[in-house]
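Encoded as structure tokens, the structure appears first; notes follow it.
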Amino acid sequence: MPRILTERLYTCYTRLGTRIERRDSIYAEELEVMNGESVTLRPPREEDVEKVYEWDRDRELAAWNGRPPIKISLSAARRDYLARWEDPSVKTFIIEAREGGATEAVGLATLYDFRHEGCEVGIKIGSKDLRGRGYASEAVELLVSYCFESLGLKAVRGSTLAHNTRMQRVFEKRGFVEVGDGSIISRFDNKRYTELFYECRRED
Ligand SMILES: CC(C)(COP(=O)(O)OP(=O)(O)OC[C@H]1O[C@@H](n2cnc3c(N)ncnc32)[C@H](O)[C@@H]1OP(=O)(O)O)[C@@H](O)C(=O)NCCC(=O)NCCS
């Protein structure tokens, strides 16, 4: 978990009018909290561990990600998560949404593989009941603005299985274009699938 002793909070507005609050702390390199209309993206905290573990053990989510559900114990997973959430080469965000009057962690988004002035985005909405409500579309919009405007990147890349039409729709709605495809063997069921590669480039 990022250790924060003091933090400053300031706010800026993205091209699309969404609000990004930036928190600088003396330990964490930089923490961003991004507020959209229905979702907030914030850094993960220790109390998120159990929910993230539950998502990582979910067979359906694992299948969409082409990997097996995790089998390690909660305490081993906790160690892994806390180390990953401190790793400056990966930026993890919890997606929070207002559900039934309360704010709830509904999913997770990751920015990783930073190279060639770009990075990769990964996203999941944990509970099946909470999919299709526009949360991922809004989260991706916030993340792309963050990558271009705060991190100064020129491209955000993503990929998804060819039968994941929902994720393709999210990419396309958010200005990503399909740039290629490939064949992969899923580590979930050892079957061969087509993977589609997407990219969103900054307009200079
Ligand atoms: C893929 C995922 C991240 C999308 O998140 P979401 O919050 O459900 O997505 P949104 O509600 O923002 O948008 C979904 C879009 O797909 C559309 N959609 C929903 N079901 C669909 C289907 N079966 N076929 C085509 N489009 C579909 C929705 O109508 C919506 O488009 P619209 O806004 O034009 O109506 C989420 O469903 C998820 O976590 N799935 C399981 C894990 C996963 O697939 N992760 C991505 C791995 S690459």
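Among residues of the stretch 82-100 that are β-branched (Val, Ile, Thr), those with a beta-carbon under 8 Å from a residue that is open to solvent by 30 Å² or more (accessible area, probe 1.4 Å) and in a helix (DSSP H, G or I) at least six positions away or on a different chain give the pairs Val90/Arg84; Thr92/Arg84.
Considered as a group, the residues in the stretch 74-112 that are of a type in the set (D, E, K, R) and open to solvent by less than 50 Å² (accessible area, probe 1.4 Å) include one that is nearest to Gly122 (Cα to Cα), and that residue is Lys91. The one condition from (1) of a type outside the set (Asp, Glu); (2) crowded, with 16+ Cβ neighbours inside 10 Å; (3) in contact with a Pro (Cβ under 8 Å, 6 or more places away or on another chain) that Arg187 does not meet is (2). Could you say whether any residue in the stretch 124-132 is within 28 Å of Gly175 (Cβ to Cβ), buried (at least 20 other Cβ atoms within 10 Å of the Cβ) and without any contact (Cβ under 8 Å) to a residue 60 or more places away in the chain? Checked the stretch 124-132: at least one residue is within 28 Å of Gly175 (Cβ to Cβ), buried (at least 20 other Cβ atoms within 10 Å of the Cβ) and without any contact (Cβ under 8 Å) to a residue 60 or more places away in the chain. Taken over the stretch 89-141, residues that are out of contact with any strand residue (DSSP E or B) (no Cβ under 9 Å at 6 or more places or on another chain), within 22 Å of Val49 (Cβ to Cβ), among the charged types (D, E, K, R) and away from the ligand (no atom under 14 Å from the Cβ) amount to 0. Only a single criterion out of (1) closer than 25 Å to His116 by Cα; (2) free of Cβ contacts under 8 Å to residues at least 24 places away in the same chain; (3) more than 16 Å from the ligand (Cβ to nearest atom) is not satisfied by Asn190, namely (1).
The values are calculated or read from the model by the stated rules, or taken from the named source; none is laboratory data. Not measured: the values here are computed from a predicted model. Neighbour counts run over all protein chains shown; Cβ positions are idealised from the backbone, glycine included. Accessible surface areas use protein heavy atoms only, side chains included; no ligands, DNA or RNA. Shrake-Rupley method; radii C 1.70, N 1.55, O 1.52, S 1.80 Å.
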